[in-house]
1. Looking only at the stretch 1-51, filter to residues that are of a type in the set (Ser, Thr, Tyr) and not in a strand (DSSP E or B); which one of those is farthest from the chain's Cα centre (by Cα)?
2. Report yes if ASP48 is acidic (Asp, Glu), within 16 Å of the ligand (Cβ to nearest atom) and exposed (fewer than 11 other Cβ atoms within 10 Å of the Cβ), otherwise no.
3. From (1) polar (S, T, N, Q); (2) closer than 18 Å to GLY4 by Cβ; (3) away from the ligand (no atom under 11 Å from the Cβ); (4) surrounded by 14 or more Cβ atoms within 10 Å (Cβ to Cβ), pick out the condition that doesn't hold for SER19.
4. Consider the stretch 52-76. How many of its residues are out of contact with any strand residue (DSSP E or B) (no Cβ under 7 Å at 6 or more places or on another chain), hydrophobic (A, V, I, L, M, F, W, C) and either in a strand (DSSP E or B) or exposed (fewer than 10 other Cβ atoms within 10 Å of the Cβ) (or both)?
5. If you check every pair at least six apart or on different chains, which have Cβ atoms under 9 Å apart with a residue in the stretch 50-75 that is over 22 Å from SER31 (Cα atoms) first and a residue that is away from the ligand (no atom under 13 Å from the Cβ) and among the acidic types (Asp, Glu) second?
Amino acid sequence: MLAGMGIDVQVTSGGRVNSGAVSVDPTTVASCSLCAKKVEASVGIGPDRTACAPCLRDRLDALSVARFRLQESGPSSTIPWGKVSG
Ligand SMILES: [Zn+2]
């Protein structure tokens, strides 16, 4: 089983890797639908939508923080990342 099946990555000035298949295309310009910037590399996250690494990282962090806070924060416990806001 190939790593990255079903995943479509574009690399600026490089090309794309779609489900593990490399196509070289130096004219490729990767862009991110989330921060609306041209980026070094982006990955498809849905029809006509792409995301860059910093945006994905932010969302991964948000996933972890949200899960932790909703699982661990009860009426009697302190909120661990209360100082992280915004
Ligand atoms: Zn982005």
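No lab work stands behind these numbers, since they all come straight from the coordinates. What you see is a predicted model; the values in this text were computed from it and never measured. Positions of Cβ are backbone-derived with ideal geometry, glycine not excepted, and every protein chain shown enters the neighbour counts.
1. It comes out as THR27.
2. yes
3. With respect to (1) polar (S, T, N, Q); (2) closer than 18 Å to GLY4 by Cβ; (3) away from the ligand (no atom under 11 Å from the Cβ); (4) surrounded by 14 or more Cβ atoms within 10 Å (Cβ to Cβ), SER19 is out only on (4).
4. So the count comes out to 1.
5. As it stands, the answer is none, since no pair meets every condition given.
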